[in-house]
Amino acid sequence: MDFNPNLSQLSSQCGEWLRGSGPESDIVISSRIRLARNLADFPFIRRCTDHDKAAIERSLREKLSQSESLQNLMYLDVSQLDQVDRQFLVERQLISRELAESEGARSAAIDTHEQYSLMINEEDHLRIQLMKSGLDLEAAWDQINEIDDRIESCVNYAFHERLGYLTACPTNVGTGMRVSVMLHLPALVITRQIEKVFRSLQKISLAVRGLYGEGSQAMGDFYQISNQITLGRSEPELLKQVGDIVPVLIDYERRAREYLVKESQKDLHDRVSRAFGILCTAQTISSEETMHLLSSVRMGINLGLISDIAIPTINQLFIQTQPAHLQKIRGAELGTADRNIERANYLQRHLRKGGLDELEHN
């Protein structure tokens, strides 16, 4: 286990959730499963003293470092990271905003391939999360179940014979499992069908969240669909609940894209070309506007309006133009105005080659 990882090395590569290599990855960005677990010998986090939190962190760190099957991990003392580094990990979906913003002893163990991470002293003593590119829930479950079994072999989880795994939030009791799929749904937004779709999801107890989970905005037309309640349901039932609805959403989005191509082709091409042109020529640009414009460009690539730029490149720009990533890449802290200039320069360097010529021929 690496206790002194260099986070700057991560800034130049694309994390698992944005590789764009999995099934249905034109619309499904990633599949994620999260397990909430607590140690039997300590109170829940909200009842913990600073001494308790330190003891939990120390105990789990020792157990993880002793496990031969969990050695390929970067271990980070989150309480000792500066704000930029914490935000950097949130932007990469490797830790939650809650862990980043909490107080006291807390840490994260992250797989060097960025497929899974272990968060210590978040809402629960331990949060295990695993991500796969595209729609790949079954493979994600198989992998995280194996990791959970390894940890449970050396840790005494809080478990009730009738209720299942005991968690800080009652809605997580049972399996402690949250199944979520992140989708890119720009056509449903453009055709104003998105709210209707989400109202239907809420009726079947599925939550809709933004890019960074609970309480976040749907920047770049990214939406996370996940189960709300785990109590009384098995892991296969939760996988099926989310897994059954995602193909329906994919179909809705594809139909909306087909409608735009058929009925509003000129408007669609204008939207994509304007978005690409602004990204390639802007002298200063905010993170929010960048996400919005990259969303249109990503859809344009998938619809064949731009062919010289690969989806993984656009995916990578979604994350590398985020505030903390820009600062890590630049190697310096930047104020808002300087970040907006740096972001514009970064976009120009990575988009101008070939893309403008391709748009002119379409």
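Tabulated data
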quantity: Theoretical gain in end-to-end length, residue 162 to residue 332 [0.36 nm per residue, Cα-Cα removed]; calculated: 55.9 nm
quantity: Which label in (i) 49, 22, 17; (ii) 37, 25, 16; (iii) 55, 25, 17 gives the computed semi-axes √(5λ) of the Cα gyration tensor in Å; calculated: (ii)
quantity: Calculated [θ] (222 nm, deg cm²/dmol) that DSSP helices of n ≥ 4 give over the chain, each run adding -39,500 (n - 2.57); calculated: -15000 deg cm²/dmol
quantity: Subset of 132/328; 196/266; 196/262; 53/240; 240/262 violating a 30 Å alpha-carbon distance limit; calculated: 53/240; 240/262
quantity: For the range 72-136 and the range 298-338, distance of Cα centres in Å; calculated: 22
quantity: Sorted by Cβ neighbour density within 10 Å, fewest at the top, the residues 125, 51, 184; calculated: 51, 184, 125
quantity: Listed residues 187, 332, 275, most fluctuating in the chain (Gaussian network, C-alpha, under 10 Å); calculated: 332
quantity: Extension gain, residue 245 back to residue 259 (0.36 nm per residue minus Cα-Cα distance, nm); calculated: 2.9 nm
quantity: Most mobile listed residue (315, 302, 121) in the chain, GNM with C-alpha springs under 10 Å; calculated: 302
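Laboratory data are not the source of any read-out in this text; all were calculated from the coordinates shown. Computed from a predicted model, the values in this text were never measured in an experiment. When we count neighbours, we look across all protein chains shown, and the Cβ atoms used for this are built from the backbone with ideal geometry, even at glycine.
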